[in-house]
Amino acid sequence: MSSRAEFLKRLEDWGAALTNSILKLQEPVMEIPARTLSNTIWDEKARMLRLGPEKLQRRFLDMKEARRFMQTVLMLRLIVEAIREDVYPTIRDLYYNGKHTIVFKDPLGRTHRENTWDEQAESNAVIEDIEVAANVLREEMGVSADVKGKIVGPIVVRSQGYELDASKFGETALSLPVNVDALEIVKVEATYVLVVEKDAIFQRLVREKFWSQENAILVTAKGMPDRATRRFIRRLNEEYKLPVYVLTDGDPYGWYIYSVYKSGSIKLSYESERLATPDAKFLGLTATDIDAYKISDNYVIAANDRDIKRAQELLRYPWFQKPEWTREVNLFLRKKKKVEIEALSTHGLKFLHDYLRDKIRGRKFID
């Protein structure tokens, strides 16, 4: 791993290049890879989303780009200062630290006020611009965000000199840090990784010691996964060749969550190489599970307009074009029915264990 000092130099060099342009009385211009849907490419061979070659130029003298140029330079300064001072700000810290109003007068003497940014979404987007432009990830800069990931199972990691055994947390779990690449994995004795969409189901499986019975590592990110959780799962699969299985609700939202783990996301396509796990398998729940596992109508939920729209969107994504997925999504659209993981309790509370074992042992998953 490169040190934080090396990443600091990369950011400083970028800032120095902009400064040199100004000192030479030249317009400073930033060249930033375009993080747009049109520049997001599906790599069939790698089975993941990637950022395409298109780049945009952010020019200081372009009135349409001047504000974003200012925001980028401001955020660059805040991050560089944080690294120099050896502090680790959150993205929320950077939002507040840089938020202020610029007051200026135009040539006619009129006073104008311009906020550096109005919403955190603006400052977050600027951080992502800096990531792709400088090829330095947020985690490598020491900038943190909420990490939702938790793990339980036969794995020992070392963090800042302390060894942490994820099998000895009782009914709780080991929380993942912001930069999971800084975690040294000391020992892994698991046979597979089970990623669970819902925290409540994760907690239940922990309390019922499913991980111990199966010699598995359980992971959850409590819904849509954060970057740290996705990266850690990628490491377990890539470095230790552990099979990865994903369990979500049987609806288009759950299926999309699975695809984020497996193929990456449009927004973070520039990070797919380190975040996506192309070998991840989808256990369920699927639309066919409703009949295959005889789930009672009492547990089946009628799909709403939002579900229908999301399912139709999935069919437009190239990573959902496998026959198994088109069959599942089309069945959902035809029946307009969805199920939550909890619907498996139609056969008793212990049936969840039987379902998972049947899916894994019988290889009844979607690749």
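The values are calculated or read from the model by the stated rules, or taken from the named source; none is laboratory data. Here the structure is a predicted model, which is why all the values come from computation and not from measurement. Note that each Cβ is placed from the backbone with ideal geometry, even for glycine, and that neighbours are counted across all protein chains shown. In case anyone asks, the SASA skips ligands and DNA or RNA and just uses the protein heavy atoms, side chains included. Shrake-Rupley method; radii C 1.70, N 1.55, O 1.52, S 1.80 Å.
Those strands (runs of 3 or more DSSP E) of the range 1-59 in which 1 or more residues are touching a Leu at 6+ places or on another chain (Cβ under 7 Å) and modelled with pLDDT of 90 or more occupy 29-33, 40-43. With respect to the numbered conditions (1) touching a Gly at 6+ places or on another chain (Cβ under 9 Å); (2) part of a helix (DSSP H, G or I); (3) crowded, with 21+ Cβ neighbours inside 10 Å; (4) without any contact (Cβ under 8 Å) to a residue 60 or more places away in the chain, which one is the sole condition not fulfilled by Arg234? Result: Arg234 passes all but (1).
Would you check if Glu163 is over 15 Å from Arg231 (Cβ atoms), open to solvent by 60 Å² or more (accessible area, probe 1.4 Å), in a loop (DSSP other than H, G, I, E, B) and modelled with pLDDT under 95? No. Being in a loop (DSSP other than H, G, I, E, B) and open to solvent by less than 10 Å² (accessible area, probe 1.4 Å) is a description that applies to Thr277. With respect to the conditions (1) open to solvent by 30 Å² or more (accessible area, probe 1.4 Å); (2) touching an Asp or Glu at 6+ places or on another chain (Cβ under 9 Å); (3) under 28 Å from Arg310 (Cα atoms); (4) of a type in the set (D, E, K, R), Lys262 falls short on a single one, namely (1). Within the range 68-109, if we keep just the residues that are modelled with pLDDT of 90 or more and of a type in the set (Lys, Arg), the residue that is farthest from the chain's Cα centre (by Cα) turns out to be Arg84.
The residues of the range 1-25 include none that are aliphatic (A, V, I, L, M), free of Cβ contacts under 8 Å to residues at least 12 places away in the same chain, closer than 18 Å to Ile83 by Cβ and open to solvent by 80 Å² or more (accessible area, probe 1.4 Å).
Listed by position, the strands (runs of 3 or more DSSP E) contained in the range 72-159 that have at least 1 residues being open to solvent by 30 Å² or more (accessible area, probe 1.4 Å) and farther than 30 Å from Ser212 by Cα are 101-105, 111-115. Annotation note: of Ala303, Ala292, the sole residue that is free of Cβ contacts under 8 Å to residues at least 12 places away in the same chain and open to solvent by 20 Å² or more (accessible area, probe 1.4 Å) is Ala292.
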